[in-house]
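*Asks:* Take a look at the following structure, please.
The values are calculated or read from the model by the stated rules, or taken from the named source; none is laboratory data. For clarity, every value in this text was computed on a predicted model and none was experimentally measured. Glycine also receives a Cβ, built like all others from the backbone with ideal geometry; neighbour counts cover every protein chain displayed.
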Amino acid sequence: MYLNFVNTMRTEKEIESRIIWIREKKVMLDRDLAELYGVTTKRLNEQVKRNNSRFPEDFMFQLSHVEKMELVANCDRFEKLKHTTYPPYAFTEHGAVMLDCILNSEIAIQANIQIVRVFTSLREIAFRNKEMITKIEKLEQRIGIHDKELIAIFDTLRKMLQTPTPPKRNRIGFIRDDE
């Protein structure tokens, strides 16, 4: 298993596909990280328990039963989790980095470098999207202002293009009685 990982380093897309959103955080599950780091899930979780102080709530949390069942229902690759007795642990980017410190192997170092790169590129994409959203909102505001101005222009043009009815005039001059 170790040699297999070293010989076939994961691509960014493979790692990115293992990052999921849970509790409004980008996380990786313990089983995916164990595979990337070249250890069993059991070994990874043992090391985490031995070094529990290194993993505060914002680095790692255990999924609830409901969250686990939702993952199983939504993703085929989590089908094996259906029958596990313990819900998996979810690690944020910082938790994945901390795992490198406690596993301390060459495979863990190489895997960690790739994982950090993927998390960083996802953060950059999110930042670019935020900039794009801001630009779109500004454009919508401008268009809204222009829409009002265009409506006013078209209203004025319609008024100008209507055939005016001549105003009723009072006659000048002699008026007969029979009129």
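*Asks:* Just to verify a result, which residue in region 105-121, among those that are among the small types (Gly, Ala, Ser) and either surrounded by fewer than 16 Cβ atoms within 10 Å (Cβ to Cβ) or under 13 Å from residue 27 (Cα atoms) (or both), is modelled with the highest pLDDT? Show your work before the answer.
*Replies:* Let us first name the residues in region 105-121 that are among the small types (Gly, Ala, Ser), namely 105, 108, 111, 121.
Then keep just the ones that are either surrounded by fewer than 16 Cβ atoms within 10 Å (Cβ to Cβ) or under 13 Å from residue 27 (Cα atoms) (or both); that gives 105, 121.
Working: 105: 67, 121: 75.
So, considering only residues that are among the small types (Gly, Ala, Ser) and either surrounded by fewer than 16 Cβ atoms within 10 Å (Cβ to Cβ) or under 13 Å from residue 27 (Cα atoms) (or both), the one modelled with the highest pLDDT is 121.
*Asks:* Right, something else. Go through the residues of region 122-139 one by one and say whether even a single one is among the polar types (S, T, N, Q) and more than 19 Å from the chain's Cα centre (by Cα).
*Replies:* The answer is no; no qualifying residue exists.
*Asks:* Out of everything in region 85-99 that is out of contact with any helix residue (DSSP H, G or I) (no Cβ under 8 Å at 6 or more places or on another chain) and not in a helix (DSSP H, G or I), what residue ends up being surrounded by the fewest Cβ atoms within 10 Å (Cβ to Cβ)?
*Replies:* 85
*Asks:* Kindly evaluate residue 71 against the criterion of being assigned to a helix (DSSP H, G or I), closer than 19 Å to residue 20 by Cβ and modelled with pLDDT of 80 or more.
*Replies:* yes
*Asks:* Could you tell me which residue of region 22-68 is nearest to residue 99 (Cα to Cα), considering only residues that are part of a loop (DSSP other than H, G, I, E, B) and touching a Pro at 6+ places or on another chain (Cβ under 8 Å)?
*Replies:* The residue in question is 63.
*Asks:* Restricting the search to region 49-72, which residues are surrounded by 13 or more Cβ atoms within 10 Å (Cβ to Cβ) and among the charged types (D, E, K, R)?
*Replies:* 54, 67, 68, 70 - these are the residues of region 49-72 that are surrounded by 13 or more Cβ atoms within 10 Å (Cβ to Cβ) and among the charged types (D, E, K, R).
*Asks:* Given the options 143, 102, 172, name the one that is modelled with pLDDT of 70 or more, more than 18 Å from residue 22 (Cα to Cα) and either part of a loop (DSSP other than H, G, I, E, B) or in contact with a Ser or Thr (Cβ under 8 Å, 6 or more places away or on another chain) (or both).
*Replies:* 172
*Asks:* Still on this model: Any residue in region 30-48 that is surrounded by fewer than 20 Cβ atoms within 10 Å (Cβ to Cβ) and at pLDDT 85 or above sitting within a Cβ distance under 9 Å of a residue that is assigned to a helix (DSSP H, G or I) and small (Gly, Ala, Ser)? List the pairs, counting only those 6 or more apart or interchain.
*Replies:* Here the result reads 40/34; 41/34; 42/34; 43/34; 45/34, each pair linking region 30-48 to a residue that is assigned to a helix (DSSP H, G or I) and small (Gly, Ala, Ser).
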